[in-house]
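Asker: Would you mind keeping the following structure in view while I ask a few things?
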Amino acid sequence: MRLISLEVRNFRKLGKSGWVRINFPEEGIVAVVGENEAGKSTLADAIFYALTGRTRGMVRAGREEKERAEDVISWGAREAEVKLKFRVGEAEYEVYRRRSRSSGYARLAGRRNVEGWEAVNKAISELMSGMNDLSLITTVFSAQKDTDRPVKMEQEDRRKVIAGIIGMDEWQEAKGRLEKMRGEKKHESSKLERDIDNTKSRIEEIERAVRDLDKKERDLEGLRKELENLPQEMEKVRKSVELLEEAKRRYEETKRELEDKGKNIAVRERELKRIEGEKEELESDIERLKDDLAKKEELRKSKEEIINRYKLMAGKLSDRKYQAGVISALLLISALGLLLNMALVAPGLLLAAISYLLMRSLSSFLMRRAESIMEELRTMMPEHDQLKEKENRLKERNNEIKSLIDEIKKLRDEEGRIKAEIEGLEREVGGNPVDLLSDAKKKQGELEGRKKELEKQKKELEEEIEKIKRDRERLDDLKKQLEDMKRKKEELDGEIEVINLAIELIDGVISRMWGSIAPSVGNNMSKFLHKITLGRYYRAKVGEEDWSVSVYVPERASIGQDPYVSVFRMSGGTQDQVILALRLAVITSLVGRGANWPEFLILDEVLGATDDRRREGAIELLKSLKQQFPQIVLITHQDDVADMADEVLKVEDGMVHEVSVRAETAEN
């Protein structure tokens with residue numbers, strides 16, 4: 001593949017004022033010069049974007065998504081456009097890409113006409129013998145910031161890039177397809193193995209169930225018989241419940257009647273006790289009144305005796321001598337007046353005193369005293385009426401007590417009858433009707449629950465027996481399926497063995513290819529390094545497994561140390577030169593392995609850290625590679641590099657202002 005021309009508009013820093021058009025010479029070194037931020041590197045970005053549809057920055061960052069519009073479109077513009085013409089063999093192609101802020105469009109015209117971003121990417125990769133964006137940025141596109149990419153990449157990434165460059169990816173893709181196929185077949189084999197195990201288990205389960213079928217049918221017959229007998233027992237319990245409910249009703253009514261009788265007896269007994277208390281009080285009052293009346297009778301007799309004596313003494317009182325004696329007696333009686341208070345206690349003594357007084361006192365004094373005694377007797381007269389009243393009441397209470405005793409006796413008799421009736425009812429039903437009814441209802445519920453459980457068990461057992469019979473019918477089919485699965489698994493395992501063998505063969509081919517590349521790259525690198533460093537370093541080697549790079553340092557060999565030193569232990573400028581030699585060695589070692597490999601190199605400031613003499617050596621090296629890479633684009637800010645180029649493009653403010661061609665080149 002060779003570049004023919006590039007047209008750019010509003011692509012980052014290029015073409016802000018209109019289309020930028022560049023025609024590439026068929027061969028030679030083209031130097032692109034200009035101030036910083038003039039747009040020199042954007043020219044390389046535009047070529048890379050046209051070929052891959054991605055920016056170099058996206059690839060460097062390892063980002064898989066599409067670039068953002070602001071990464072491509074010039075500031076203030078609506079869209080960016082890039083056209084790149086190139087030749088593959090004798091056929092010319094033009095790739096056109098347009099990127100707006102909302103969408104992108106791509107078209108490839110030539111011997112193959114393709115539209116669509118990803119379709120164009122794929123078609124161009126195929127035209128470059130399978131190279132992709134990562135392959136390009138690791139080989140033919142080299143910027144100062146990418147110089148050490150080949151050695152800093154992870155080992156697997158380096159192998160992947162090299163494999164894509166030399167066409168080994170076809171073998172690796174074949175291996176990947178085989179590994180995928182092997183994985184699918186292993187997955188299928190594992191699934192078959194699980195299915196075989198499951199089918200075996202199912203067959204064993206069915207055979208066990210078939211062996212147990214007779215027992216299950218006997219169990220089913222037992223359930224059916226139990227269900228047939230259960231209604232009789234349930235009917236018996238139902239009738240028992242009805243009888244016990246009636247017995248319970250009678251029992252509870254009789255119990256309530258007994259309680260009522262007991263309450264009535266208690267009321268009557270309390271009433272009897274109260275009346276007996278009143279009777280005792282009346283008897284006590286009557287006894288007291290009788291005592292009082294006896295005392296009153298004695299007073300009455302004393303009164304009559306005093307009156308008789310008064311009459312007797314009335315005659316005597318006319319005698320003067322007797323009067324004198326009476327006066328003396330009155331004085332004595334006055335002193336002993338308390339004797340009157342003893343009238344109630346000792347009536348005889350009172351009569352004696354009265355007699356004495358009557359005999360000793362004046363007639364008027366005796367009369368007054370007699371009247372006083374009469375008054376006391378009159379105050380005690382109502383007690384006779386009270387006695388009569390209380391005796392009548394006592395008679396009434398005795399009648400009431402007799403009536404209550406008779407009534408209580410009748411109630412006791414009724415209570416005894418009721419108790420006997422309750423005992424008879426308990427004997428009739430065999431216990432307490434309430435408890436027996438509770439037990440009977442519980443039994444009734446248990447029987448109903450048992451019936452439901454038996455019906456459920458019967459249904460489940462019938463379904464299980466029916467399932468076993470169906471499984472028994474398909475047992476032969478399952479055994480046939482098992483044999484088919486075993487045979488298919490054996491076939492799959494055989495195919496997996498064949499695939500394993502094929503993968504081993506491909507691994508051998510890939511291993512031999514790797515083994516043939518590393519020495520070639522090391523040899524070419526040694527030659528290129530010798531030219532670039534002007535003979536300072538002339539030997540290098542590349543690890544076959546990890547593609548690590550080390551350089552032979554003669555001074556270390558002279559002192560007995562390991563003469564090979566990792567590139568990263570060298571100075572910055574020397575590192576750039578070693579890695580440039582590595583890039584060129586990789587590319588030149590692999591040229592021819594891909595028929596349509598790019599025949600151009602785009603080097604972006606790769607000689608910036610190289611001194612004048614080594615820059616001259618590097619340019620001479622690039623010129624010596626004219627056969628492999630007829631087109632070399634050097635982006636630089638160094639005038640001496642531009643002086644050694646065959647053609648110079650000057651970029652300023654995003655536009656190409658000047659093109660100079662060396663005389664010998666023009667003559668050619």
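The values are calculated or read from the model by the stated rules, or taken from the named source; none is laboratory data. The model shown is predicted, which means the values in this text are computed figures rather than measured ones. Positions of Cβ are generated from backbone atoms using ideal geometry, with glycine treated the same way; all protein chains shown enter the neighbour counts. Keep in mind that these areas ignore ligands, DNA and RNA; they rest on the heavy atoms of the full protein, side chains included. Shrake-Rupley method; radii C 1.70, N 1.55, O 1.52, S 1.80 Å.
Asker: When the range 538-563 is examined, which residues are found to be among the aromatic types (Phe, Trp, Tyr) and either at pLDDT below 85 or surrounded by fewer than 16 Cβ atoms within 10 Å (Cβ to Cβ) (or both)?
Answerer: First, the residues of the range 538-563 that are among the aromatic types (Phe, Trp, Tyr): 538, 547, 552.
Scanning the range 538-563 gives Tyr538, Trp547.
Asker: With the structure loaded, tell me whether Arg87 is basic (Lys, Arg), modelled with pLDDT of 90 or more and out of contact with any Phe, Trp or Tyr (no Cβ under 9 Å at 6 or more places or on another chain) or whether it fails that test.
Answerer: It is false that Arg87 is basic (Lys, Arg), modelled with pLDDT of 90 or more and out of contact with any Phe, Trp or Tyr (no Cβ under 9 Å at 6 or more places or on another chain).
Asker: Which one is surrounded by the fewest Cβ atoms within 10 Å (Cβ to Cβ), of the residues in the range 271-289 that are under 22 Å from His384 (Cβ atoms) and of a type in the set (Lys, Arg)?
Answerer: So the residue we want is Arg288.
Asker: Looking at the range 67-84, which of the residues that are modelled with pLDDT of 90 or more and acidic (Asp, Glu) is most open to solvent (accessible area, probe 1.4 Å)?
Answerer: In this case the residue turns out to be Glu79.
Asker: Next question. Would it be correct to say that Gly573 is out of contact with any His (no Cβ under 8 Å at 6 or more places or on another chain), modelled with pLDDT of 80 or more and either open to solvent by 20 Å² or more (accessible area, probe 1.4 Å) or not in a strand (DSSP E or B) (or both)? Before you say what the answer is, go through the steps one by one.
Answerer: Working: out of contact with any His (no Cβ under 8 Å at 6 or more places or on another chain): yes; modelled with pLDDT of 80 or more: no; either open to solvent by 20 Å² or more (accessible area, probe 1.4 Å) or not in a strand (DSSP E or B) (or both): yes.
For Gly573, the condition - out of contact with any His (no Cβ under 8 Å at 6 or more places or on another chain), modelled with pLDDT of 80 or more and either open to solvent by 20 Å² or more (accessible area, probe 1.4 Å) or not in a strand (DSSP E or B) (or both) - is not met.
Asker: Across the range 119-142, what is the number of residues that are farther than 27 Å from Ile632 by Cβ and either in contact with a Leu (Cβ under 7 Å, 6 or more places away or on another chain) or touching a residue at least 40 places away in the same chain (Cβ under 8 Å) (or both)? Show your work before the answer.
Answerer: Going residue by residue through the range 119-142, those that are farther than 27 Å from Ile632 by Cβ are 119, 122.
Within this subset, residues satisfying the condition of being either in contact with a Leu (Cβ under 7 Å, 6 or more places away or on another chain) or touching a residue at least 40 places away in the same chain (Cβ under 8 Å) (or both) are none.
Selection size over the range 119-142: 0.
Asker: Mind listing whichever residues of the range 501-536 are part of a helix (DSSP H, G or I), surrounded by fewer than 13 Cβ atoms within 10 Å (Cβ to Cβ) and at pLDDT 85 or above?
Answerer: Matches in the range 501-536: Leu501, Glu504.
Asker: Pairs, please: C-beta under 9 Å, at least 6 apart or cross-chain, first residue under 21 Å from Ile579 (Cα atoms) and without any contact (Cβ under 8 Å) to a residue 40 or more places away in the chain and in the range 548-566, second open to solvent by 70 Å² or more (accessible area, probe 1.4 Å) and hydroxyl-bearing (Ser, Thr, Tyr)?
Answerer: Matching pairs, first to second residue: Tyr552/Tyr538; Pro554/Tyr538.
Asker: Restricting the range 463-499 to residues that are of a type in the set (Lys, Arg) and either open to solvent by less than 60 Å² (accessible area, probe 1.4 Å) or within 12 Å of Leu192 (Cβ to Cβ) (or both), which is farthest from the chain's Cα centre (by Cα)?
Answerer: Arg487
Asker: If you scan the range 240-274, which residues turn out to be under 12 Å from Ile408 (Cβ atoms) and touching a Lys or Arg at 6+ places or on another chain (Cβ under 8 Å)?
Answerer: The one that is under 12 Å from Ile408 (Cβ atoms) and touching a Lys or Arg at 6+ places or on another chain (Cβ under 8 Å): Ile265.
Asker: Then there's this: If we scan the range 87-109, do we find a residue that is open to solvent by 50 Å² or more (accessible area, probe 1.4 Å), more than 30 Å from Asp640 (Cβ to Cβ), polar (S, T, N, Q) and in contact with a helix residue (DSSP H, G or I) (Cβ under 7 Å, 6 or more places away or on another chain)?
Answerer: So far as the range 87-109 goes, no, none of its residues is open to solvent by 50 Å² or more (accessible area, probe 1.4 Å), more than 30 Å from Asp640 (Cβ to Cβ), polar (S, T, N, Q) and in contact with a helix residue (DSSP H, G or I) (Cβ under 7 Å, 6 or more places away or on another chain).
Asker: Going through the range 388-415 one residue at a time, which ones are open to solvent by less than 60 Å² (accessible area, probe 1.4 Å) and more than 15 Å from Glu281 (Cα to Cα)?
Answerer: Across the range 388-415, the qualifying residues are Leu404, Ile408, Leu411, Glu415.
Asker: Check the range 169-182 and report whether any residue there is open to solvent by less than 70 Å² (accessible area, probe 1.4 Å), more than 38 Å from the chain's Cα centre (by Cα) and at pLDDT below 65.
Answerer: For the range 169-182, residues open to solvent by less than 70 Å² (accessible area, probe 1.4 Å), more than 38 Å from the chain's Cα centre (by Cα) and at pLDDT below 65: present.
Asker: In addition: Looking only at the range 587-617, count every residue that is at pLDDT 80 or above, in contact with a strand residue (DSSP E or B) (Cβ under 9 Å, 6 or more places away or on another chain) and either part of a helix (DSSP H, G or I) or on the phi > 0 side of the Ramachandran plot (or both) and tell me the total.
Answerer: 1
Asker: Take the range 628-654 and flag every residue that is assigned to a loop (DSSP other than H, G, I, E, B) and open to solvent by 10 Å² or more (accessible area, probe 1.4 Å).
Answerer: Correct list: Gln628, His637, Gln638, Met644, Asp646, Asp653.
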